[in-house]
Amino acid sequence: MPAGYEYQIDHRVIHGAAWDHVTLDDLEHYMADASRLPDDLRGAVEYLDLSEVITLQVSTVGALQLAPWYESLIDRGIRGSVIFAPDEEVYEIAETIIATCSMVGGGLPDGYRITDTPVALRNVHHFLEQEPSRQASEKAQVA
């Protein structure tokens, strides 16, 4: 399966990644597994690295299918999401997915950010809290 995660308890970050040709089914498995993490997720943030994705095959209707899994993460206390998507096409699809999921799930307490620049795990919470229009500040928070 070309998607997986690990929970970085020191940083309170669910560090997810996807690679190669990613389908709706792959993302559903990722979300289902992440939503069943045994740890306390209050205050955690998701960081999803899509930098190695060749294709992301998820439609708007498919994004709706992911929403219940994302809602269970919200219910467990996740604060927000940061998605690293350097490819323009993957970026746009990721934007549709996260916007749909957060809208259906009632929104994320700290919202979400999509970036084409990687963010170090220790900086994910800070990056999420920054104003989106501050490009120079975003660059300063990367690895």
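No value in this document is a laboratory result; all are computed from the given coordinates. This is a predicted model, so every value here is computed, not measured. Because the Cβ atoms are built from the backbone with ideal geometry, glycine has one as well, and the counts that use them run over all protein chains shown.
Order these by the 10 Å Cβ neighbour count, fewest first: Tyr47, Tyr30. Walk me through the numbers before you get to the answer.
Working: Tyr47 27, Tyr30 22.
Going from least to most buried by this count: Tyr30, Tyr47.
Rounded to the nearest 5, what % of DSSP beta bridges with both residues in the range 3-140 are antiparallel?
Details: 6 of 25 bridges.
So the antiparallel bridges in the range 3-140 amount to around 25 percent.
Taking θ = phi - 60°, what integer Hz values does the Karplus form 6.51 cos²θ - 1.76 cosθ + 1.60 yield along the range 42-48, in sequence order, with x for Gly and Pro?
Ordered by residue, 3J(HN,Hα) equals 4, x, 6, 10, 8, 10, 10 Hz.
What does the charge count near Tyr70 come to, summing +1 for each Lys or Arg and -1 for each Asp or Glu among other residues with Cβ under 12 Å from its Cβ?
Values: positive: Arg76; negative: Glu28, Glu46, Glu71, Asp75.
For residues surrounding Tyr70, the net value is -3.
Would you please give the residues with an amide H less than 5 Å from that of Arg113, counting only those at least 5 places away or on a separate chain, with H modeled from the backbone geometry?
Ser81, Val82, Ile83
Between Ala120, Ala44, Ala99, find the one with the highest GNM mean-square fluctuation for the chain; connect C-alpha pairs within less than 10 Å.
Top of the fluctuation ranking is Ala120.
Any idea what the dipole of the chain comes to, in debye rounded to 20, about its Cα centre with Lys/Arg Cβ at +1 and Asp/Glu Cβ at -1? It would help to have the intermediate numbers written out before the result.
Numbers: 9 positive and 24 negative charges, 110 e Å.
The calculated dipole for the chain is roughly 520 debye.
Gaussian network model of the chain, Cα springs within a sub-10 Å range: biggest mean-square fluctuation belongs to which of Asp110, Asp40, Asp75?
Among Asp110, Asp40, Asp75, the largest GNM mean-square fluctuation belongs to Asp40.
How high is the relative contact order of the range 3-140, given as a whole-number percent (alpha carbon pairs under 8 Å, six or more residues apart)?
On the way: 252 pairs, mean separation 32.6, N = 138.
Relative contact order of the range 3-140: 24 percent.
In what sequence do Asp26, Asp20 fall when counting other Cβ within 10 Å, fewest first? It would help to have the intermediate numbers written out before the result.
Details: Asp26 21, Asp20 12.
Sorted ascending by nearby Cβ count, the order is Asp20, Asp26.
Using Cβ counts within 10 Å as a stand-in for footprinting exposure, how do Ser35, Ser81 rank, fewest first? Present the calculation step by step, with values, prior to reporting the outcome.
Numbers: Ser35 19, Ser81 27.
Result, fewest neighbours first: Ser35, Ser81.
How large is ³J(HN,Hα), in whole Hz, for each residue of the range 115-123 in order, when computed from phi with the Karplus curve 6.51 cos²θ - 1.76 cosθ + 1.60 and θ = phi - 60°, using x for Gly and Pro?
9, 9, 10, x, 10, 5, 4, 5, 9
At 10 °C and 1.306 mPa s, what whole-number value in µm²/s does Stokes-Einstein give for the translational diffusion of the range 3-140, with Rh from the Kirkwood sum over Cα pairs? It would help to have the intermediate numbers written out before the result.
Values: Rh = 14.7 Å.
My calculation gives 108 µm²/s for D.
Taking loop as defined by DSSP and a crowding limit of 12 other beta carbons within 10 Å, which trypsin sites (Lys or Arg not before Pro) in the range 23-108 fit? Kindly include the intermediate steps, with their values, before the conclusion.
Working: sites: Arg36, Arg42, Arg76, Arg79; in loops: Arg36, Arg42, Arg76, Arg79.
Loop-located and lightly packed - Arg36, Arg42.
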